[in-house]
Ligand SMILES: [Zn+2]
Ligand SMILES: [Zn+2]
């Protein structure tokens, strides 16, 4: 792990190179770690330590939860209002949900999503 300090807006600012590690939990994502395939290049800023971390996000940290059933959704498998309504995206679903798994779309939403993906 290498650290360098850069000046940014007149403030010293620490950039930590996390290399192959997850910037959120520190988990190893290198080849053979089991996290390699689904890792995603990521960076984050820690307000407390004023550290900017540069590295990867492991699948656990990058996955999200469905707003309707709380099941975790894999990276890129979530469905947002944009996926269903396209350019008519209302910003959220009728019940206020924003991120849904495939199973939780109502038949009507499913139909719209399919129509939009054509
Ligand atoms: Zn992680
Ligand atoms: Zn769901």
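The values are calculated or read from the model by the stated rules, or taken from the named source; none is laboratory data. The structure presented is a predicted model; accordingly, all values stated were derived computationally and were not measured. Ideal geometry is used to build each Cβ from the backbone, glycine not excepted, and the neighbour counts take in all protein chains shown.
Exactly one condition in (1) surrounded by 12 or more Cβ atoms within 10 Å (Cβ to Cβ); (2) at pLDDT 95 or above is not met by residue 95; state its number.
Condition not satisfied by residue 95: (1).
Residues 44, 49: which one is in contact with a strand residue (DSSP E or B) (Cβ under 9 Å, 6 or more places away or on another chain) and assigned to a loop (DSSP other than H, G, I, E, B)? Break it down into steps so the answer makes sense when it comes.
Values: 44 fails: assigned to a loop (DSSP other than H, G, I, E, B).
Only one candidate passes the filter, namely 49.
Return yes when residue 74 is surrounded by 10 or more Cβ atoms within 10 Å (Cβ to Cβ), over 18 Å from the mean Cα position of the chain (by Cα) and modelled with pLDDT under 95 and no when it is not. Even if it seems obvious, please write down each step before you answer.
Values: surrounded by 10 or more Cβ atoms within 10 Å (Cβ to Cβ): yes; over 18 Å from the mean Cα position of the chain (by Cα): no; modelled with pLDDT under 95: yes.
In short, no.
Among the candidates 17, 67, which residue alone is surrounded by 11 or more Cβ atoms within 10 Å (Cβ to Cβ) and outside the structural domain of residue 99 (by TED's automatic domain parsing)?
Numbers: 67 fails: outside the structural domain of residue 99 (by TED's automatic domain parsing).
Answer to the check: 17.
Write out, first by first residue and then by second, each pair whose Cβ atoms fall under 6 Å of each other, whose residues are 6+ apart or on separate chains, and whose first residue, in segment 98-111, is at pLDDT 95 or above while the second is assigned to a helix (DSSP H, G or I) and more than 16 Å from ligand 1 (Cβ to nearest atom).
Taking only residues 6 or more apart or on different chains, the pairs are 109/84.
Of all residues in segment 52-64, count the ones that are surrounded by 15 or more Cβ atoms within 10 Å (Cβ to Cβ), outside any strand (DSSP E or B) and away from ligand 2 (no atom under 16 Å from the Cβ).
Adding up the residues that qualify gives 4.
Considering only residues that are part of a loop (DSSP other than H, G, I, E, B) and in contact with a strand residue (DSSP E or B) (Cβ under 9 Å, 6 or more places away or on another chain), look in segment 7-24 and name the one that is nearest to ligand 2 (Cβ to nearest atom).
The qualifying residue nearest to ligand 2 (Cβ to nearest atom) is 24.
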